Amino acid sequence: MLMKIIKVSVVSALVFASTSHGQNDKNSLYNFDLYKNEKYFGGSKEAELEQFAKGSQIILNGQKVLAKKNLRPRRVFHAKQHGCVTGRLTTIADRPLDKDRATYKGLFEEDQSFDVLARFSNGLGLIDHDKKPDFRGMAIKVIDAQENKNADFLLINIPVGIAKDAEQFLDFTQKVVKHGAIVGTSIYATLNPRAGVGVIKATGLLPYKVKSLATIHYWGGHPYLLGPDRAMKMVVIPTESKEDSVRSLIGKGKNFLKVDLQDRLEKGPMTFKIGLQLDMDEKSTPIEDNVDRWTEKESPVIHVANLVFEQQNIKTLVHEQTCEYARFSPGNYHSDHRPLSNLGRARILTYQASQVGRNANTKKISKDDIKLMRTKSIEKLQK
């Protein structure tokens, strides 16, 4: 028992230490100036970092509780993996809705193409039947996005954040860990009706709300920078709409989302569009209130890139293990696309706690790793 207490204390100290923000600390995850419409929780960087340190402890505590049910420490959210998929992100030049060329920044400049790795998952922290109400996630890792550095975007099937800010999100975390996914989410949605509307819409109240991971939209839970003087929200838009009937899904068992994903990719490529919404003003497109939706009337979605997952067989050990033990984190960001808002800034640091707690792989995913996955996939497809 004493060793567990010491371990948690040490991990919390390490996470908090990583938030060092001295003037000469160029490697700090938290060494940046706020965007014009961002505001520190508690009115200062010090107060916000204290909030994040407490949040990291909450994440670690939740991970310990869930580990008893999962048999080992896993992600506090998105524990169930459906597939680890390789692909390409390629920007497009023609953007009729962006005459001022505001979106041509960072990763989204024209004539760019990147290898990507995507992890599809359920949202909550337990391995459960896919029919149950839950969020669905797509975590995208853009390989060598900037100076030999990868950039991650973590998205779920809800157009607004689960919570307004970090404090509200940590409250959601505690309720789900304490009461279970369905009861905890219901309590949270009842006590936080503004956030609850989006949560219920994404998870549904009845089984089989989501029938395929290839036919749903995925949104970022908060804004990101778009260059030094603009902000954006991201949405990944499916190009496929065909879904199996519930009767067919029942026949595929408790992992039907995984089976459907595997079947689609073995037959051919799976394609999405990447769209961006621009911040317009603090009232209509707020930065610090993540349950306030940026509507398409206020900020139209601008198609900036295509995301294509090539035909592949993902039923290999290297596919399964690469994403399961990899670190997908908002802390891995392109300098032109830092996560914004108190919630976005919190995720930069609190994800560190979860990753340390589950002994995630610290090795950077490289182009060689992607090449190996593709080689193994081809071998499987040719058999």
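Could you tell me which numbered condition residue 299 fails, if it satisfies all but one of (1) hydroxyl-bearing (Ser, Thr, Tyr); (2) surrounded by fewer than 21 Cβ atoms within 10 Å (Cβ to Cβ); (3) within 30 Å of residue 369 (Cβ to Cβ)?
(3)
Given the criterion of a type outside the set (S, T, N, Q) and closer than 27 Å to residue 32 by Cα, identify the matching residue among 283, 254. Before you say what the answer is, go through the steps one by one.
Numbers: 254 fails: closer than 27 Å to residue 32 by Cα.
Of 283, 254, the one residue that is of a type outside the set (S, T, N, Q) and closer than 27 Å to residue 32 by Cα is 283.
Of the residues 274, 314, which single one is of a type in the set (Val, Ile, Thr) and under 27 Å from residue 132 (Cα atoms)? Even if it seems obvious, please write down each step before you answer.
Working: 274 fails: under 27 Å from residue 132 (Cα atoms).
314 is the lone residue from the list that is of a type in the set (Val, Ile, Thr) and under 27 Å from residue 132 (Cα atoms).
Looking at 321, 352, 262, can you tell me which residue is of a type in the set (S, T, N, Q) and at pLDDT 95 or above? Full working, then the answer.
Values: 321 fails: at pLDDT 95 or above; 352 fails: at pLDDT 95 or above.
Result of the check over 321, 352, 262: 262.
In region 246-256, is there at least one residue being over 28 Å from residue 92 (Cα atoms) and surrounded by 20 or more Cβ atoms within 10 Å (Cβ to Cβ)? Before you say what the answer is, go through the steps one by one.
So in region 246-256, the residues over 28 Å from residue 92 (Cα atoms) come out as 246-256.
With surrounded by 20 or more Cβ atoms within 10 Å (Cβ to Cβ) added as a condition, the list becomes 249, 256.
The answer is yes, given that some residue of region 246-256 is over 28 Å from residue 92 (Cα atoms) and surrounded by 20 or more Cβ atoms within 10 Å (Cβ to Cβ).
Pick from region 216-256 the residues that are assigned to a loop (DSSP other than H, G, I, E, B) and in contact with a Gly (Cβ under 6 Å, 6 or more places away or on another chain): which of them is modelled with the lowest pLDDT? Lay out the reasoning, then the answer.
Narrowing region 216-256 to residues assigned to a loop (DSSP other than H, G, I, E, B): 216-217, 221-223, 226-230, 239-245, 252-255.
Right, trim to in contact with a Gly (Cβ under 6 Å, 6 or more places away or on another chain) and you get 221-222.
Working: 221: 88, 222: 95.
Filtering region 216-256 for residues that are assigned to a loop (DSSP other than H, G, I, E, B) and in contact with a Gly (Cβ under 6 Å, 6 or more places away or on another chain), the one modelled with the lowest pLDDT comes out as 221.
Considering only region 355-381, state which residues are surrounded by fewer than 18 Cβ atoms within 10 Å (Cβ to Cβ) and modelled with pLDDT under 90.
359, 361, 362, 363 - these are the residues of region 355-381 that are surrounded by fewer than 18 Cβ atoms within 10 Å (Cβ to Cβ) and modelled with pLDDT under 90.
Name the residues in region 351-368 that are touching a Pro at 6+ places or on another chain (Cβ under 9 Å), assigned to a helix (DSSP H, G or I) and either within 17 Å of residue 155 (Cα to Cα) or not polar (S, T, N, Q) (or both), would you?
First, the residues of region 351-368 that are touching a Pro at 6+ places or on another chain (Cβ under 9 Å): 351, 354, 357-359.
Checking which are assigned to a helix (DSSP H, G or I) leaves us with 351, 354, 357.
Answer for region 351-368, where residues must be touching a Pro at 6+ places or on another chain (Cβ under 9 Å), assigned to a helix (DSSP H, G or I) and either within 17 Å of residue 155 (Cα to Cα) or not polar (S, T, N, Q) (or both): 351, 357.
Please find, among 277, 262, the residue that is part of a helix (DSSP H, G or I) and surrounded by 15 or more Cβ atoms within 10 Å (Cβ to Cβ). Quick ask: steps written out before the conclusion?
Details: 277 fails: part of a helix (DSSP H, G or I).
Result of the check over 277, 262: 262.
Any residue in region 63-82 that is surrounded by 16 or more Cβ atoms within 10 Å (Cβ to Cβ) sitting within a Cβ distance under 7 Å of a residue that is among the β-branched types (Val, Ile, Thr) and in a loop (DSSP other than H, G, I, E, B)? List the pairs, counting only those 6 or more apart or interchain.
Correct list of pairs: 63/76; 66/76; 70/127; 79/127; 80/127.
Can you say whether residue 191 is more than 29 Å from residue 117 (Cα to Cα) and without any contact (Cβ under 8 Å) to a residue 24 or more places away in the chain, as far as the supplied structure shows?
Details: more than 29 Å from residue 117 (Cα to Cα): yes; without any contact (Cβ under 8 Å) to a residue 24 or more places away in the chain: yes.
Against the criterion (more than 29 Å from residue 117 (Cα to Cα) and without any contact (Cβ under 8 Å) to a residue 24 or more places away in the chain), residue 191 qualifies.
Go through region 83-109 and count every residue that is of a type in the set (D, E, K, R) and in contact (Cβ under 8 Å) with a residue 40 or more places away in the chain. I'd like the intermediate steps shown before the answer.
So in region 83-109, the residues of a type in the set (D, E, K, R) come out as 88, 94-95, 98-101, 105, 109.
Remaining after also requiring in contact (Cβ under 8 Å) with a residue 40 or more places away in the chain: 88, 95, 98, 105.
Count: 4.
Please go through region 300-344 and pick out each residue that is part of a loop (DSSP other than H, G, I, E, B), within 22 Å of residue 147 (Cβ to Cβ) and not charged (D, E, K, R). Don't jump to the end; show me each part of the working.
Pass one, region 300-344, residues part of a loop (DSSP other than H, G, I, E, B): 300-301, 310-316, 326-338, 340.
Still in the list and also within 22 Å of residue 147 (Cβ to Cβ): 326-338, 340.
Passing the criteria: 326, 328, 329, 330, 331, 332, 333, 334, 335, 337, 340.
Within region 323-331, is there a residue that is at negative phi and among the hydroxyl-bearing types (Ser, Thr, Tyr)? Step through it out loud before you land on a result.
The initial filter retains those residues of region 323-331 that are at negative phi, namely 323-331.
Next cut, among the hydroxyl-bearing types (Ser, Thr, Tyr) only: 325, 329.
Within region 323-331, one or more residues are at negative phi and among the hydroxyl-bearing types (Ser, Thr, Tyr).
The values are calculated or read from the model by the stated rules, or taken from the named source; none is laboratory data. Keep in mind the model is a prediction, meaning the values are calculated, not measured. Cβ atoms come from the backbone with ideal geometry, glycine included; neighbour counts cover every protein chain shown.
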